[in-house]
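So the structure is just underneath, and the comments pick up after that.
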Amino acid sequence: MLLANNLSFKRGGKELFKEIDISLSPNSIVQIKGRNGIGKTTLIKILSNTILPSSGKIYWNSKNIKNNKNFYKNLTYIMDSHTSKKDLTVLENTKFWHRLFSSKIKLKELESILDLLSLNKSRKV
């Protein structure tokens, strides 16, 4: 389980979000929606420990994600189209990043999610 407590983030003096609490259970799919510039990508980067929040803490299975090897073993994060190869399918790109980070997530689970989102055979990245 991923828990985030009181997450806030400021960039250039502007507060993108303030005191957000998040609870994500295993095997769930979450959609983050909103207009451009409100902090969706920033929130994802914070939850994956790619950038640090201005305040707040994030826990994976009751342990802070900082230096938590189990967190990273269970994380597969594909950033955006700039980090994906356009000549590969979404599934092929996902498998590449899965192997690169030695993710413990089962490939069948990834394929199931991509099937659910109708992205398994898609060439669009």
(message) Can you compute the charge dipole magnitude of the chain about its Cα centre, using +1 on each Lys and Arg Cβ and -1 on each Asp and Glu Cβ, nothing else charged? Give it in debye, rounded to the nearest 20.
(response) 260 debye
(request) Just add up the charged neighbours of Lys63: K/R +1, D/E -1, any other residue whose Cβ is under 14 Å from the Cβ of Lys63. (result) +4
(message) If you count only protein heavy atoms with a 1.4 Å probe, what accessible area per residue comes out for the chain, rounded to a whole Å²?
(response) 71 Å²
(request) With an 8 Å cut-off on Cα pairs and a minimum separation of 6 or more residues, tell me the relative contact order of the chain in percent. (result) 22 percent
(request) For Phe17, enumerate residues with amide H under 5 Å from its amide H, sequence gap 5+ or separate chain, H modeled in the peptide plane. (result) Phe9
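The values are calculated or read from the model by the stated rules, or taken from the named source; none is laboratory data. In this text the structure is predicted, and so the values were computed from the model without any measurement. Neighbour counts run over all protein chains shown; Cβ positions are idealised from the backbone, glycine included. The protein model used for the area step is the full one, side chains on, heavy atoms only, and it has no ligands, DNA or RNA in it. Shrake-Rupley method; radii C 1.70, N 1.55, O 1.52, S 1.80 Å.
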